[in-house]
1. By the gyration tensor of its Cα atoms, with a ≥ b ≥ c the square roots of the eigenvalues, what is the shape of the stretch 56-154: rounded for a/c under 1.5, prolate for a/b over b/c, or oblate?
2. Any chance you could look up the accessible area of ARG235 with a 1.4 Å probe, heavy atoms only, rounded to 10 Å²?
3. Rounded to the nearest 500, what is the 222 nm mean residue ellipticity of the chain from helices alone, with -39500 (n - 2.57) per DSSP H run of 4+ residues and division by all residues?
4. Quote the relative contact order of the chain in percent (integer), defining contacts as alpha-carbon pairs under 8 Å separated by 6+ residues.
5. How large is the accessible surface per residue of the chain, computed with a 1.4 Å probe and reported in Å² as a whole number?
6. Of all accessible surface on the stretch 152-218 at a 1.4 Å probe, what whole percent is carbon and sulfur?
7. So what's the Cα pair-distance distribution over the stretch 141-223, bin width 5 Å, in %?
8. May I ask for the net charge around HIS147, where only other residues with Cβ less than 15 Å from the Cβ of HIS147 are counted and Lys, Arg are +1 while Asp, Glu are -1?
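The values are calculated or read from the model by the stated rules, or taken from the named source; none is laboratory data. If you're wondering where the values come from, they're calculated on a predicted model, not measured in any experiment. When we count neighbours, we look across all protein chains shown, and the Cβ atoms used for this are built from the backbone with ideal geometry, even at glycine. Side chains included, ligands, DNA and RNA excluded: accessible areas come from the protein's heavy atoms. Shrake-Rupley method; radii C 1.70, N 1.55, O 1.52, S 1.80 Å.
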Amino acid sequence: MCLAHWIAPQKCIEDLLKSISSKAADLVRRAFENIDPQKQIDYHTHIAGVGGGGSGAFVNPRMLSWKHPFHRIKFRVYRTACGVVNEAKTDEEMVQRLADLIRNNPFHGKHRLLAFDKNYRLDGTVNLEKTEFYVPNEYVFAIATSHPDLFVPAISVHPYREDALSELEKWAARGAGMIKWLPNAMGIDPSNPKCDASYQKMKDLGLILLSHGGEEKAVESEEDQKLGNPMLLRRALDHGVKVIVAHCAGLGTNEDPDNPGRKVPNFELFLRLMDEPRYEGLVFGDISAMTQFNRLGVPVTTILQRDDLHERLVNGSDYPLPAINFLILTKPLVRHGYISAEQRGLLREIYKSNPLVFDFVLKRNLVAPGTNKRFPDSVFQAHPEL
């Protein structure tokens, strides 16, 4: 099956600015003005693997079998978007492609590379059937050690694991500063008392929790989608844990816990968390994936307009998603007034050479329709409280 029209081109010219027109190169340069490369950070970068080279990573067997065509095709899209040509070298080529894309950017900073734990049941046993993919903490640390100029490792430890506390201590001692959860896919209810010991340990160790918020397209069960309700993170915040809500919870709906029986957009619930005075300095949002076609509208417009929230926002690419063409539609961005038609043409040119740079430059040029409000420089640099 040909996936060429679904993914970003796989070329990676050594010198990005020489591979695009002078106008496009100027747009790139302006996007990185006032951004200190020593402070520039992408808080949300994924890696995956199938176990090659002793990585320890794996994906659900459904992803590798034509007995499950939907899952097989989905993983082929992801794998191809990550630059994999030789399936036998999936792990190696995924890392190499990501490293090439970052180094191709002469203004690059660093990326927090996310581990991804398995799905666990409440009794602490692993549920491999519901584990979409697994990226060990050891693996992201090994990649970061090999590429210290590009990556900062972020661990993932499921709170239902019997060894959760010792794992948090182990990796914090090695320098981990952030932990990644995707509750919908991992089977984590952030409001369950089972998480309390992990929250206390995170608070004691100074670990930041980056947790997915809103609907997650990798899971199909409505019961699983409930776990993406950002209001469930109140329990972590009440323990004093600093939490970054990924994507500002900009997709899907969930029950309003303050008004049982009423379903509201997850984004509305996220804003309620951000507006609660007791959580100021504790809850943050990342803007990853918010420019994808299925997230445009109220969430991104509101976040651009709410400059009172900008000091609590951070940037993330959610790579490899920017490299999947059908998620990145620039025409609606022009139609709704987020960018100009001229900018669209230049951005499309940048995309052909480097989807990661495209994602950054696009966000730097977004304006709230009908206004001049945009994301400030601070969103794209390391947050002093994180």
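1. Verdict is oblate for the stretch 56-154.
2. Surface open to solvent at ARG235 totals about 80 Å².
3. -9500 deg cm²/dmol
4. Contact order relative to length: 18 percent.
5. Details: 15660 Å² over 386 residues.
It amounts to 41 Å² per residue over the chain.
6. 45
7. The percentages, shortest bin first, are 3, 14, 23, 22, 17, 13, 7, 2, 0.
8. Net charge in that neighbourhood comes out at -2.
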